[in-house]
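Heads up, the thing below is written out as structure tokens.
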Amino acid sequence: MNSDDEQRQISPAHLERDDPSPSAVPRRAQLGDQTPRAFQDASRELSGSRLPYTFEGLERDGIDRRDDGALAAALNDPRAEILPVWRRRVLMSDDGESLLQWPKEQLTDKDTVVFLGTKDGVPYFAADVSSQQTTDGEAPDVAGPARGSFIDPWMTGPNLDPFRVGVGAYGRHLLAWHRSHQYCGRCGSQTKLSKAGLERRCTSEPCSDYLFPRINPATIMLVQDPSGEKCVMARNHNFPPTIHSVLAGYVDAGETLEQTVVREVEEEVGLSVTKVRYAASQPWAFSNSLMIGFFAWAEDTTLNVNLDELEKADWYSREQINDLRGSEDFRLPRKDSIARFLIETWLTSTPETL
């Protein structure tokens, strides 16, 4: 709790009340079965596959983050991997097969270096080397036999080593946050890196506020009709040409995830959702988001598309999607997205009714 927050005592009588502040937004009990499971025929696909950018094996506190000596020793470890970021771009090998590391000898005092964690004793770091641009304002040259280029991580796709690309996305997210939080939001003083990159701290002693990496939670939902035979596919105005996807929206302050699903679906296509079921989640470093995926059921099928937010939306059966996918006018989202994961899971499932 922030020190500025008002603190007041809550009486036992208040705690025993079922709903001290009724909301116009549907409560959990009104949204039907929300058991966190997938469709019966797709449970193996949901539980057995790992979404891109979700990775295991990184021990994020493998080294005491407050021990400068231990961190320096880890950075000097010959096995240490330093993943560079230049203007939010990652270093990709020229053959497009892997993310490259940065030689420790090429780090400067102007580079922001954060500790990501260890795996099998190997320390992983990420370094913002944006200050090392050339006199022409271009990316720094990559020394050594492994040649590469700094590219937008959006272009790397899901074809790289899952652990390495996941760690790279994590490092990129963390460094992007550090670049945008150089000053304290409370007093305006400069902030400094703390806890090896997991925090920033205000340098003003009267304030000394702590800042933590920002994560934007967003729901993404595959909405079905009451029969479970069709789902809503839509095009956002910002989508690449011909891409069709499911609905999504950011969580508002004071909302539960389920309430966000209900609100966003109503706002975008005018449907009333009465059943929501959790599916999976995915960190999405491209927008510093955490995408929380759901399957949802609407009680009606009449669409009222909000053309300010969407270019179009319509109902599609499994057969229609399979017939259209890959055509000149209908493509599915990229393979490394949770949107694609939800769609593919639904396509292989047995229809479940409301």
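Bear in mind these aren't lab numbers, they're just calculated from the coordinates by the rules spelled out. In this text, all values refer to a predicted model and were calculated from it rather than measured experimentally. All Cβ positions, even for glycine, are placed from backbone atoms using ideal geometry, and neighbour counts span all protein chains on display.
Fewest-first ordering of C231, C187 by other beta carbons within 10 Å of each residue's beta carbon gives C187, C231.
Ranking request for peptides 218-227, 340-349, 58-67: highest mean number of other beta-carbon atoms within 10 Å first, then the rest in descending order. Don't jump to the answer; show the numbers that get you there.
Numbers: 218-227: 22.2, 340-349: 19.6, 58-67: 14.3.
So the peptides 218-227, 340-349, 58-67, ranked by packing, come out 218-227, 340-349, 58-67.
Amide H contacts for L247 (H built 1.01 Å from N in the peptide plane; partners 5 or more residues away or on another chain; cut-off under 5 Å): M221, V223.
With both residues required to sit in the stretch 68-180, DSSP beta bridges show an antiparallel share near 75%. Dimensions of the stretch 68-180 based on its C-alpha atoms, expressed as ranges along the principal axes with the largest first, amount to 36, 33, 32 Å.
Amide hydrogen proximity for E311: with H placed 1.01 Å from N in the peptide plane, the residues at 5 or more positions away or on another chain lying under 5 Å are R235, N236, H237. Pairs from the table (K104/K192; K230/K335; K104/K335; K119/K335; K195/K275) lying more than 31 angstrom apart at Cα are K104/K335; K195/K275. For the stretch 68-180, the Cβ-based charge dipole about the Cα centre amounts to some 300 debye (Lys, Arg positive; Asp, Glu negative; other atoms uncharged). Each peptide in 99-105, 120-126, 135-141, 76-82 gets a packing score, the mean of other Cβ atoms within 10 Å over its residues, and the list from highest to lowest is 120-126, 99-105, 76-82, 135-141. Each Lys or Arg adds one and each Asp or Glu subtracts one; over the other residues with Cβ under 13 Å from the Cβ of R235, this totals -3. In terms of other Cβ atoms within 10 Å, T350, T191 run from fewest to most in the order T350, T191.
Computed from backbone phi with θ = phi - 60° and the Karplus coefficients 6.51, -1.76 and 1.60, the 3J(HN,Hα) list for the stretch 306-313 is 7, 6, 6, 9, 10, 6, 6, 7 Hz; x is used for glycine and proline.
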